[in-house]
């Protein structure tokens with residue numbers, strides 16, 4: 001069956017998306033199966049589901065092969081493609097989409113608070129991460145779009161993806177690293193095992209699962225997710241490090 005804006009809207013509402021929601025989307029467009037109207041239909045369904053007071057965020061990362069020097073040298077907020085899926089690149093190019101200014105981990109936004117959420121990625125307020133690089137600000141800092149979605153009660157939609165794509169696990173790493181460095185300032189950055197943390201969340205977390213077109217979908221609160229994973233890693237780091 002070919003998905004339409006109406007059927008995707010029903011799927012999103014059945015999954016638990018509500019009017020006024022702030023959604024952060026991880027996506028595999030091809031996992032949806034045939035979509036009448038393509039990527040534009042998916043975006044329209046998301047915007048319809050959250051309504052005029054809602055907000056849709058997508059990663060718009062530039063994860064080009066090579067080191068951070070290459071990413072920084074090639075960065076242009078207006079033209080550098082998103083490398084994390086076709087839907088994110090289509091979303092980035094849509095008229096009215098606002099993109100944060102970060103050479104590596106930019107986020108794109110559409111909705112009533114898009115400018116508010118996408119502004120401020122040059123700020124240095126917040127905890128450090130390995131992707132921080134002047135003149136850009138803290139990658140997951142207090143004024144980054146991802147932290148703002150965390151603080152504002154946003155929800156994550158995983159659309160046909162697994163936890164290997166879950167960039168919010170980097171935020172868990174950043175928070176955990178901050179705690180470790182308070183004891184040992186030379187402590188190396190803790191790269192956590194995403195599939196193992198995802199499997200734990202699937203067992204222990206508060207999430208809703210269902211179909212979005214032909215794709216497997218998950219929906220859950222960003223803050224409960226990050227805080228629960230952080231607590232699990234603090235208590236029991238061995239399986240995840």
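The values are calculated or read from the model by the stated rules, or taken from the named source; none is laboratory data. The structure presented is a predicted model; accordingly, all values stated were derived computationally and were not measured. All Cβ positions, glycine included, derive from the backbone under ideal geometry; neighbour counts span all protein chains shown.
Given (1) within 20 Å of the chain's Cα centre (by Cα); (2) surrounded by fewer than 16 Cβ atoms within 10 Å (Cβ to Cβ); (3) at positive phi, identify the lone condition not met by residue 37.
(1)
Let me spell it out: the conditions are (1) free of Cβ contacts under 8 Å to residues at least 40 places away in the same chain; (2) out of contact with any helix residue (DSSP H, G or I) (no Cβ under 8 Å at 6 or more places or on another chain); (3) part of a loop (DSSP other than H, G, I, E, B); (4) exposed (fewer than 14 other Cβ atoms within 10 Å of the Cβ), and residue 53 meets all of them except one. Which number is the exception?
Checking residue 53 against (1) free of Cβ contacts under 8 Å to residues at least 40 places away in the same chain; (2) out of contact with any helix residue (DSSP H, G or I) (no Cβ under 8 Å at 6 or more places or on another chain); (3) part of a loop (DSSP other than H, G, I, E, B); (4) exposed (fewer than 14 other Cβ atoms within 10 Å of the Cβ), the one that fails is (1).
Could you look through the stretch 56-67, keep only residues that are surrounded by 14 or more Cβ atoms within 10 Å (Cβ to Cβ) and more than 13 Å from the chain's Cα centre (by Cα), and pick out the one that is nearest to residue 152 (Cα to Cα)?
Here the residue is 62.
Listed here are the residues, each with its yes/no results for (1) within 16 Å of the chain's Cα centre (by Cα); (2) within 24 Å of residue 106 (Cβ to Cβ).
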{"residue": "166", "(1), (2)": "yes, yes"}
{"residue": "203", "(1), (2)": "no, no"}
{"residue": "217", "(1), (2)": "yes, no"}
{"residue": "226", "(1), (2)": "yes, yes"}
{"residue": "233", "(1), (2)": "no, no"}
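Determine, yes or no, whether residue 14 is more than 21 Å from residue 132 (Cα to Cα), modelled with pLDDT of 95 or more, touching a helix residue (DSSP H, G or I) at 6+ places or on another chain (Cβ under 6 Å) and not in a strand (DSSP E or B).
Working: more than 21 Å from residue 132 (Cα to Cα): yes; modelled with pLDDT of 95 or more: yes; touching a helix residue (DSSP H, G or I) at 6+ places or on another chain (Cβ under 6 Å): no; not in a strand (DSSP E or B): yes.
Criteria not met by residue 14.
Which one of the conditions (1) touching a strand residue (DSSP E or B) at 6+ places or on another chain (Cβ under 8 Å); (2) in a loop (DSSP other than H, G, I, E, B) does residue 87 fail to meet, given that it meets all the rest?
Against the list (1) touching a strand residue (DSSP E or B) at 6+ places or on another chain (Cβ under 8 Å); (2) in a loop (DSSP other than H, G, I, E, B), residue 87 comes up short only on (2).
Here are 149, 109: which of them is surrounded by 20 or more Cβ atoms within 10 Å (Cβ to Cβ), closer than 21 Å to residue 86 by Cβ and touching a helix residue (DSSP H, G or I) at 6+ places or on another chain (Cβ under 6 Å)? So that I can check it myself, show each step before the final result.
Working: 149 fails: closer than 21 Å to residue 86 by Cβ.
None of the others qualify; the one that does is 109.
Test residue 231 against the criterion of being modelled with pLDDT of 95 or more, more than 30 Å from residue 32 (Cα to Cα), surrounded by fewer than 22 Cβ atoms within 10 Å (Cβ to Cβ) and out of contact with any helix residue (DSSP H, G or I) (no Cβ under 9 Å at 6 or more places or on another chain), and give yes or no.
Numbers: modelled with pLDDT of 95 or more: yes; more than 30 Å from residue 32 (Cα to Cα): yes; surrounded by fewer than 22 Cβ atoms within 10 Å (Cβ to Cβ): yes; out of contact with any helix residue (DSSP H, G or I) (no Cβ under 9 Å at 6 or more places or on another chain): yes.
When the stated conditions are applied, residue 231 passes them.
Assess whether residue 119 counts as being crowded, with 23+ Cβ neighbours inside 10 Å, at pLDDT 95 or above and under 30 Å from residue 51 (Cβ atoms).
no
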